[in-house]
Amino acid sequence: MIEALAHGIGTLDLLHQPPAIIAESGASSAFPPVFRNAELPQPRRFVLNKGHSATVEVAAQVYRQVREVRSLTEDMVRTIDPRASAQREYREKIAAMLAVHHAFAERIETLRSDAALEGFNMSAASKRDFWTFIRSTPVVRKGSLVLMDNGNLRAVWKDDQGNQIGLQYLGTGSVQFVIFKHPDRAGGVSRVAGCTSLADIKRQIRAFSLERLLVA
Amino acid sequence: MIGDDLPDDDHIVRYVKATSIREDGTVDGSEFRLRPSRPDDTGVSVQWLDYHRDLPKADQLAQIRSVSRLTLKKKARFAELNVGQVKRHVSEELEAMRIEHWPLEANGEYPADPSHAEVTGLPPGDSDLAALVGDLIAQFVIGLHPAIQE
């Protein structure tokens, strides 16, 4: 108290109460104020003294710090905002998908011109089936594409472990598939071939847990 | 002799069109199927590389190019396979497959082709088994050589 008085930030007035206590006493406090001579306290006017000035300076400094922290926080929120992040990821996936589609289109043009030199044509129905399949496969990986003697396109997706998906687009809304899966349950290799609809082939691929060959 | 199995240690080559060579340089299995458009075909034509046993490989390939009855294209390749390796692995799915020596006699403008051989015992070209066996054979291509000498 003495030190506080020496710095001029205190008072000897017994009835003086800091604003916080005044505010609290107005509410239902467990410690009601003691009134001298049973007189009701007069309304008080608060005057900013040195102590209050120091408090204001500290408060202003804290306010500036809070604003700075809030600004930094807002920047971080913008950076890691899940919605913004998802949008960016979505845009990247769209760009990658378009790049794959473009690469497929270029390959088809090369195959078409090579086939003309060999004396055969590409099947328009097979090409239509191919694009139907590709467009129905979000974030499809770039597979290899060849043109068979019968004019049908055949796409192959494979990895370094010997897993492979080969799809001949028959032009009838169906594909002839060949799937190699390493290893199978016995540690060997599963090989299966068949024909199925464009709609069903993804189920076949899932059954062999080989979606990762097809989808990025 | 005609129809004899080729020795397991020997090698064959198959002419592969540019349209059947994948972007990664591997050969698609569709080149090892019988052609549905040619139902009379009994086998897939190949050339017995080691028929010319005493020649270096470059000269073996030159001999094969010189008697080929195909119109060789610049971007096409000869895919090389080992006889025994192909037979061993394909037998897991198809026991009937053989690789036999079928030399061709001279015919009109075509000279004799003593190195001609055939992969026989294959299923019909448009069947699912043919697709599977074709892809299996293609896995054992051990080299690609230019169809036309560069």
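Worth a mention:
- In plain terms, the bigger the Kirkwood radius, the slower the diffusion; for segment A:152-216, with that radius from Cα pairs, at 20 °C and 1.002 mPa s, Stokes-Einstein puts D at 179 µm²/s.
- Cα-based equivalent ellipsoid, segment A:82-214: semi-axes from gyration tensor eigenvalues, Å: 25, 23, 13
- Amide H partners (placed H, <5 Å) of A:Cys195, local residues excluded: A:Phe177
- 3J(HN,Hα) along segment B:26-35, derived from phi through the Karplus expression 6.51 cos²θ - 1.76 cosθ + 1.60 where θ = phi - 60°, amounts to 8, 9, 7, x, 5, 6, 10, 10, 5, 7 Hz, with x in place of Gly and Pro.
- Per-residue average of Cβ from other chains inside 10 Å of A:142-152: 6
- Qualifying chymotrypsin sites (Phe, Trp or Tyr not before Pro) for segment A:171-211 [loop in DSSP, other Cβ within 10 Å: at most 11]: none
- Backbone amide hydrogens, once placed in the peptide plane, bring B:Gly143 within less than 5 Å of B:Glu80, excluding anything fewer than 5 places away on its chain.
- Candidates B:Arg69, B:Arg98, B:Arg22: whichever shows maximal mean-square fluctuation once chain B is modelled as a Gaussian network with Cα springs under 10 Å: B:Arg22
- Straight-distance crosslink candidates among aspartates and glutamates, where the alpha carbon sits under 14 Å from B:Lys75 and sequence neighbours closer than 8 are dropped: A:Asp114, A:Glu118, B:Glu23, B:Glu150
- Per-peptide average of other Cβ atoms within 10 Å, ordering A:114-124, A:150-160, A:62-72 highest first: A:150-160, A:114-124, A:62-72
- Across peptide A:158-167, the average count of Cβ atoms from other chains found within 10 Å of a residue's Cβ is 2.
- Each peptide in B:10-19, A:188-197 receives the mean, over its residues, of other Cβ atoms within 10 Å, and ordering these scores from highest gives B:10-19, A:188-197.
- The packing ranking, built from the mean of other Cβ atoms within 10 Å per residue, places the peptides A:162-171, B:122-131 in the order A:162-171, B:122-131, highest first.
- Reachable lysines from B:Lys87, criterion Cα separation under 25 angstrom, eight or more residues apart if same chain: A:Lys158, A:Lys181, B:Lys17, B:Lys57
Quick note: the coordinates plus some simple rules give every number you see, no bench work behind them. Values in this document were obtained by computation on a predicted structure and should not be read as measured data. Cβ sites come from the backbone with ideal geometry, for glycine too, and all protein chains shown count toward neighbours.
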